[in-house]
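Below: one structure, written as structure tokens.
Values in this text are rule-based calculations from the coordinates and carry no lab data. Since the structure is predicted, the reported quantities are computational estimates derived from the model, not experimental observations. Don't worry about glycine lacking a Cβ; one is built from the backbone with ideal geometry, like all the others, and counts go over all protein chains shown.
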Amino acid sequence: MWDWVIWAVLIGVVLAGVAALVLLILRASEAWRALEDTRRGVIEGLDEFASRAETTAHRLEATTDDTGELQETLGRLRVSLARLAVLRAAIDEADDTLGRFTAFVPRK
């Protein structure tokens, strides 16, 4: 007499177990997709970061090269300024010497 109740409960438990297993598979599948998306996003982010770092390294290298060229130019400028100072001193000395002679020359 109570056999049908036992069979009904047993069928209900089996159906609940199957439903739980299906839900577990669905959740695991969603978690796997989320993990793959996260991994893909991290890899893309790292690729972008590496690209930007490489671009920055090239810019830094170019800046370093420009700085070396700038240092060479600055050295040439200092040499030119030193030569200019020597020439100015020579012109001042020549003006002083010539000024002494022109002081005695009569003017019109």
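On a 0 to 90° scale, report how tilted helix 3-104 is relative to the longest principal axis of the chain, with both axes built from alpha carbons and the result rounded to the nearest 10.
It is inclined by approximately 0 degrees.
Provide the FRET efficiency to the nearest 0.05 for the Thr63-Glu30 pair, computing r from the beta carbons and using R0 = 41 Å.
Once the sixth-power term is evaluated, E becomes 0.25.
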